[in-house]
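To start, the structure itself, in structure tokens.
The values are calculated or read from the model by the stated rules, or taken from the named source; none is laboratory data. Only a predicted model underlies this, so the values are computations on that prediction, with no experimental measurement involved. Don't worry about glycine lacking a Cβ; one is built from the backbone with ideal geometry, like all the others, and counts go over all protein chains shown.
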Amino acid sequence: MYVISSFEHSLFLELAITALEQKGIAKEKILAVPLEQKVEKRKFFDTIHRSDGISLFDGAAALGTAFMALGVIYGFVWKWGPIIWGLIGLLCGVFLGFLLDFFTGKERRNKKKVKNIATEVILIINCSENQGEMVEKVLWDHFA
């Protein structure tokens, strides 16, 4: 019987392996497989094929639209007219929205990293049927 569990790389993993060895599971029957963490630079824009859930374009589009509308509205009473002021409002809104998304997105990403609990090690134990329940209890006790 194989018992498979996942752990974060921590002291609890070492304690679980030691506890299993003390309970009579041989070292040769315990396999710990570390997983590689893929670190990829964040892209500014989402595509059809890839999305990380945090788009820098959403805020830019929303603020660009709002500022463009305000530029067109007030452009009727200002000197250069509604078209020029609408374009100026669009550019200012897109730039401001991009900056806001970029800087507030950094805070959100940092908070997400803290909350994400990632499996870093897979532990596979080969044991007999009557040892299975004991192995499972030891793993749960060590936060598998």
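All but one of (1) within 19 Å of the chain's Cα centre (by Cα); (2) modelled with pLDDT under 85; (3) surrounded by 12 or more Cβ atoms within 10 Å (Cβ to Cβ) hold for residue 49, so report the exception by its number.
If we test residue 49 against (1) within 19 Å of the chain's Cα centre (by Cα); (2) modelled with pLDDT under 85; (3) surrounded by 12 or more Cβ atoms within 10 Å (Cβ to Cβ), just (3) comes out false.
Scanning segment 88-144 for residues that are modelled with pLDDT under 85 and among the acidic types (Asp, Glu), which turns out nearest to the chain's Cα centre (by Cα)?
Within segment 88-144, the match that is nearest to the chain's Cα centre (by Cα) is 107.
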